[in-house]
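Note sheet for the following structure.
FYI, it's all coordinate maths here, none of it is from the lab. No experiment lies behind these values; they were computed from the predicted model shown. Don't worry about glycine lacking a Cβ; one is built from the backbone with ideal geometry, like all the others, and counts go over all protein chains shown.
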Amino acid sequence: MHSPPHKAAIAGLVALAAFTVWITWRAKTLEITLQGHGNQTHLVNKPAPDFSLAALDGHTVSPADFRGKQKLVIAFWASWCGPCKLELPALRSFYQQNRQVAGSQFEILAISIDAERSEAESYANTEKLPFPILLDPLHRIADAYAVDSIPTLFVVDKSGNVVYSHVGADMVLQDTLKRELEVGNSVTVRGGQH
């Protein structure tokens with residue numbers, strides 16, 4: 001003789017079904033958003049939102065500090081993000097190889113959205129990230145940049161305008177950054193001409 005299912009089991013199945021529907025809807029929404037923007041955000045060709053954030057080293061950093069002097073790469077990440085763990089070592093490698101190249105005038109600002117400073121600090125120390133690590137635990141700056149998923153990367157020119165953005169891990173990140181920051185052997189002029 002079979003006993004009827006327990007109320008807790010039924011409630012668990014209903015909750016699982018509801019979560020499955022929600023996560024599928026959310027994934028589809030993100031996919032449609034990314035397809036519609038071609039991995040670029042609405043900020044391209046607009047002024048980058050300004051901010052002032054604490055860095056792990058204790059300094060306060062703002063994009064205004066670099067305006068007129070250097071281009072910026074602004075990368076949003078978190079220690080728990082799998083794709084970020086692919087992108088940050090690539091950023092480290094690019095930084096180490098190109099930061100001292102003649103004519104290169106850029107800085108990378110890696111903005112952690114980790115809830116706890118210790119999580120960002122532990123990852124940054126383990127990976128020996130050489131660029132400023134900024135903390136945005138309340139996601140105020142991520143919201144200002146309309147970051148819906150991470151990693152999300154922006155390139156800002158010397159005048160403070162976003163000239164490039166990418167959502168998700170970029171498998172050719174170093175080539176992209178060489179082109180957008182105009183470092184290395186070739187200088188690319190906008191419009192595809194060399």
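Laid out as a table, the results:
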{"item": "Karplus-derived HN-Hα couplings along the range 67-74 (A = 6.51, B = -1.76, C = 1.60, θ = phi - 60°), whole Hz, x at Gly and Pro", "result": "4, x, 10, 9, 7, 10, 10, 10"}
{"item": "Set of lysines near LYS46 by C-alpha distance (under 23 Å), chain-local residues within fewer than 8 positions excluded", "result": "LYS69, LYS71, LYS158, LYS178"}
{"item": "Reachable lysines from LYS128, criterion Cα separation under 19 angstrom, eight or more residues apart if same chain", "result": "LYS85"}
{"item": "The range 53-181 shape via C-alpha gyration tensor axes, a/c threshold 1.5", "result": "rounded"}
{"item": "Dipole of the range 53-181, positive end: most advanced residue of LEU138, VAL101, ASN161 [Cβ charges, Cα centre]", "result": "VAL101"}
{"item": "Cβ charges +1 (Lys, Arg) and -1 (Asp, Glu), total dipole of the range 53-181, debye", "result": "500 debye"}
{"item": "Additional length obtainable on full extension of the chain from ASP148 to HIS6, 0.36 nm per residue less Cα span", "result": "47.2 nm"}
{"item": "Mean Cβ count within 10 Å, highest first, over the residues of peptides 108-115, 173-180", "result": "108-115, 173-180"}
{"item": "Other-chain or far-sequence residues with amide H under 5 Å of LEU109's (modelled H)", "result": "VAL73, ILE74, ALA75"}
{"item": "Karplus-derived HN-Hα couplings along the range 112-122 (A = 6.51, B = -1.76, C = 1.60, θ = phi - 60°), whole Hz, x at Gly and Pro", "result": "7, 9, 4, 5, 10, 4, 4, 5, 5, 5, 4"}
{"item": "Order of LYS69, LYS85 under a 10 Å beta carbon neighbour criterion, fewest first", "result": "LYS69, LYS85"}
{"item": "ASP50 paired with ASP65, simple spin-label distance in nm, labels 7 Å along Cα-to-beta-carbon", "result": "1.5 nm"}
